[in-house]
Amino acid sequence: MNTRTSITSVRVLIVGLLVMASSMLGVATASAHAAAMGSNPENGAQIATAPDHVSVTFNEPMQESFASLTVVGPDGNLWTKSDPSVAGDTVSAELGQLGPAGEYTIAYRVVSADGHPVSGTSTFTLTQAESGAPGAPANLASDTSTSASSPVESGNGGVPLWPFIVAGVIVFAGGLWLALRKPRAES
C-alpha cells in the first residue's frame, strides 16, 4: 500500500467520522409526547360546589401561546370566566360559580414545549345547582385564545430547525472538500 492510498483512506475515514458526529448533533433522548397527568377537579369527580379555577397538569411544560381551556356545562354553555394561563406544566382558567347540576366537561388544547399539540377532555359532576351566570353557548363561542396557525407558520415556539440543517450542510461540504482535494506533491 503506497503513501497516497494510505492518505486517501485516512481522509475517507475522517470524513465518515465527521459525518457521523454531525448527524448526532442536536439529537435528544427519545421520549414520548406530552400527556395530561391529571385535572382539578379530577376526572369523574363529584363535587357539591365549584372550585375557583380548573386546571390540567401535564408531564412536561406547555407553551403559553395556543392554549385553550374551556368548561362546558350540561346546559351547553361555557362556564370559564378567563382565558387560560400557563405556568410550566399546568394550564388553568378561572371558573367561579357554576349553574345547573350535572356533568361539566373540561376541554383543552395546548402545545407542548417541543411543539406537539395535545388535546383532550375531562369531566366532573356538580351535584348541587349553583346560581352562576353562564357564558355564551359552547357551539357559538369564539375562542380567541387559540390560533388557526401552527407554531411553524407563526414562527412562535420550539427550536428552529434551519440552523441544524445549515450546520449539517457546512460540515458535509467541508468533509467532502477535505476528502477530494488533491494532496500536495512532496518534494
Quiz item: Taking 0.36 nm per intervening residue step and subtracting the Cα-Cα distance, what contour gain separates Glu103 from Thr127 on full extension?
Solution: 7.8 nm
Exercise. Quote to one decimal, in nm, the extra length available between Asp52 and Ala167 on full extension: 0.36 nm per residue of separation minus the C-alpha distance between them.
Key: 36.4 nm
Practice problem: Determine the sum of side-chain charges near Gly88: Lys and Arg each +1, Asp and Glu each -1, restricted to other residues whose C-beta is under 13 angstrom from that of Gly88. | Solution: -3
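Read-outs: derived from the displayed coordinates by stated rules, not from any lab. Everything numeric here is computed off the predicted structure, so don't read it as measured data. Using ideal geometry, Cβ is built from the backbone for each residue, glycine included, and neighbour counts are taken over all protein chains shown.
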